[in-house]
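Asker: Structure below; questions to follow.
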2 protein chains.
Amino acid sequence: MVKNENTSTENVKNLLVEKGVKPSFQRISVLKYLLRENNHPSVDTIYKNLVPYIPTLSRTTVYNTLKLLSEKEVISTLTINDTDLRYDFINEPHDHFQCKTCNAIFDVKVGVDISGLKSIDGHQIQEIQLHMKGVCRQCLKEKN
Amino acid sequence: MVKNENTSTENVKNLLVEKGVKPSFQRISVLKYLLRENNHPSVDTIYKNLVPYIPTLSRTTVYNTLKLLSEKEVISTLTINDTDLRYDFINEPHDHFQCKTCNAIFDVKVGVDISGLKSIDGHQIQEIQLHMKGVCRQCLKEKN
DNA sequence: TCTAAATTTGTAACTATTACAGATTTATAG
DNA sequence: CTATAAATCTGTAATAGTTACAAATTTAGA
């Protein structure tokens with residue numbers, strides 16, 4: 001449903017440079033993984049998937065990179081999962097659904113769009129996250 | 001904005017019994033704290049506020065109680081904060097705003113009400129949380 | 001090529017949470 | 001009013017995610 005980015009090294013490098021991030025090999029790798037998998041991964045998932053290809057990679061680098069990309073508003077930090085943080089590339093506004101059975105997180109879009117809301121009760125809004133939890137389509141099917 | 005519950009011991013005890021929870025002194029104390037403060041506290045906040053009055057209280061008991069109350073749908077677990085879980089009494093549907101400056105969490109209500117949404121993309125919805133982050137009214141004022 | 005700055009790495013420390021077994025309290029039966 | 005079983009509470013140890021930090025490496029600039 002959410003369109004795929006071009007995940008070529010060249011394009012990922014450009015994305016970083018546009019946002020003012022120096023495109024090191026590690027940073028390109030992390031962002032490329034996020035774009036390609038589009039799977040709301042944890043730090044651990046990213047690390048374990050990249051380390052076979054970058055044997056010297058450190059977990060700390062993954063943490064540092066995600067923190068930097070988050071500050072530069074290239075990615076957003078999802079607090080939907082209760083044990084670890086998840087990360088998502090910022091493109092068109094969308095919401096998230098997490099399955100309580102298999103823990104997978106899905107991109108969804110509810111009809112109403114409140115992404116334009118700038119303040120509420122005098123508080124200035126900078127980020128909005130709409131989280132839903134329940135049982136996903138696949139797990140519902142398997143229960144029968 | 002969200003109305004206060006009656007926080008008398010009698011009423012809190014009844015709330016627990018109605019939900020099928022045996023009303024021990026510790027459980028009454030924890031739920032009473034949640035109702036009275038209405039402040040989306042962490043386990044640590046609850047523990048530190050209660051232990052002066054219940055010197056034998058254990059952190060584990062606070063964890064156990066919150067888990068139980070959550071399973072019995074007396075309270076909900078908020079994943080809005082990125083370092084620890086927060087807890088909230090379940091009453092009328094409302095949303096949450098967290099200030100990135102002072103970290104306080106406020107109850108808010110956006111115009112649209114999607115609390116009746118039961119499924120999306122074939123996934124069965126059981127819980128919905130709408131989180132907003134930014135700078136709260138007080139912190140905005142103090143910046144001038 | 002030399003030097004300074006930025007980035008990456010690995011370890012140690014820290015914090016939230018869970019596991020678990022023993023102690024205490026509460027409920028039940030005689 | 002006991003004796004016994006069940007439920008609850010407690011404290012410690014273990015686990016997991018994250019951060020702090022200094023040393024090593026890489027990159028950029030003179």
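Asker: Sort out for me the helices (runs of 4 or more DSSP H) sitting completely within segment B:1-113 that have 2 or more residues that are within 13 Å of the chain's Cα centre (by Cα) and surrounded by 15 or more Cβ atoms within 10 Å (Cβ to Cβ).
Answerer: Working: elements: B:9-18, B:25-37, B:43-50, B:59-71.
Here the list reads B:25-37, B:43-50, B:59-71.
Asker: Pairs needed: first member in segment B:86-108, in contact (Cβ under 8 Å) with a residue 60 or more places away in the chain; second member anywhere, of a type in the set (Ser, Thr, Tyr) and part of a strand (DSSP E or B); C-beta distance under 9 Å; at least 6 residues apart or different chains.
Answerer: Pairs found: B:Phe89/B:Ser76.
Asker: Which of the numbered conditions does A:Asp113 fail, given that it passes all the others? Conditions: (1) within 7 Å of chain B (Cβ to nearest Cβ); (2) modelled with pLDDT under 95.
Answerer: Condition not satisfied by A:Asp113: (1).
Asker: If you don't mind, another one. Mind listing just one residue for me: the one in segment A:71-82 that is away from DNA strand C (no atom under 14 Å from the Cβ) and of a type in the set (S, T, N, Q) and, of those, farthest from the other protein chains (Cβ to nearest Cβ)?
Answerer: Out of the qualifying residues, it is A:Ser76.
Asker: For a quick check of your reading of the model, give me the residue pairs whose first member lies in segment B:118-135 and is at the interface with another protein chain (Cβ under 7 Å from one of its Cβ atoms), whose second is hydroxyl-bearing (Ser, Thr, Tyr), with beta-carbon atoms closer than 6 Å and at least 6 apart or on different chains.
Answerer: Close Cβ pairs (under 6 Å, with a partner that is hydroxyl-bearing (Ser, Thr, Tyr)) amount to B:Ile125/B:Ser119; B:Val135/B:Thr101.
Asker: Going by the structure shown, is B:Thr83 within 16 Å of DNA strand D (Cβ to nearest atom), among the hydroxyl-bearing types (Ser, Thr, Tyr) and more than 29 Å from A:Ser76 (Cα to Cα)? Let's see the steps before the verdict.
Answerer: Working: within 16 Å of DNA strand D (Cβ to nearest atom): yes; among the hydroxyl-bearing types (Ser, Thr, Tyr): yes; more than 29 Å from A:Ser76 (Cα to Cα): no.
No: the conditions fail for B:Thr83.
The values are calculated or read from the model by the stated rules, or taken from the named source; none is laboratory data. All values reported here derive from a predicted model rather than from experimental measurement. FYI the Cβ positions are ideal-geometry reconstructions off the backbone, even for glycines, and counts take in every protein chain you see.
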